[in-house]
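The values are calculated or read from the model by the stated rules, or taken from the named source; none is laboratory data. Everything numeric in this text was worked out from a predicted model, so none of it was measured. Note that each Cβ is placed from the backbone with ideal geometry, even for glycine, and that neighbours are counted across all protein chains shown.
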Amino acid sequence: MKYLSAARAGMVGCHACGHVQARAAAARVDEGARPPAPQRCERCGSVLHLRNPDSISRTWALLIAAAILYIPANLLPVLHTQSLFGNEDDTIMSGVVYFWVSGDWPLAVIVFVASILVPMLKLSVLALLAWTTQRRSDWRPLERTKLYRIVERIGRWSMLDVFVVTLTVALVRFKSLAVITAGWGALAFASVVVLTMMAALQFDPRLIWDCADAQTPQASGHEHD
Ligand SMILES: [Zn+2]
């Protein structure tokens, strides 16, 4: 085999302190007997996992919750404005349309990309990764790993979307005295962002390579390149 992983070498790395140690042989569990205690790090005592436990099912659960909340995030108003000119509710899309129509098209593009396009792409990419990994697919592991890295990297900037939407709409649209409050859509949108970030954290990209490695015929012994 070309690449050797700790799992294949019978080793396991500690998530807490990074110490790599031999994996304890899986004890046989008799029917009705108590499952054996999980192996702990010999240096720091943390419970050892080869891969994130229940990675795929946890990713799915968080993704589905995020996808459901994506609907109210776009349908419900993110901003509620009370001013002398009356009350007004704005959804993300109506904010985009407002900027576009009033000639602030760079702002319209920023809000559209940050608040509608990027969250949707992140959900789609994570769903694709979870689905292919669940099927134990060996399809393009390198590209899938790169996709994962991109999603994980934009995750930390996602909360910016909320501020972009609320601040820009508020600042540009209402120069007069007005009371602006966040609508339920903003809460739903923030939940989508957080849930997607958690889904990305739960997904264990090493599973991609476990599947890919399992498909390649195993050579006997270790070859050195
Ligand atoms: Zn440790």
Problem - Residue that is modelled with the highest pLDDT, among those in the range 40-68 that are polar (S, T, N, Q) and buried (at least 18 other Cβ atoms within 10 Å of the Cβ) - result: T59
Fill in the blank from the handout: Contact list, first residue from the range 108-132 and in the same structural domain as L195 (by TED's automatic domain parsing), second anywhere and among the polar types (S, T, N, Q), beta-carbon distance below 6 Å, six or more apart or interchain, is K122/T196; A130/T59
Exercise for the section: State whether one or more residues within the range 134-143 are over 15 Å from L207 (Cβ atoms) and either at pLDDT below 85 or assigned to a helix (DSSP H, G or I) (or both). Expected result: yes
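Taking the options V118, V101, name whichever one is modelled with pLDDT of 85 or more and within 26 Å of V194 (Cα to Cα). Working first, answer last.
On the way: V101 fails: within 26 Å of V194 (Cα to Cα).
Every option except V118 fails the conditions.
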Exercise for the section: Within the range 84-97, identify whether any single residue is in contact with a Lys or Arg (Cβ under 7 Å, 6 or more places away or on another chain), at pLDDT below 95 and over 30 Å from R144 (Cα atoms), and answer yes or no. Expected result: no
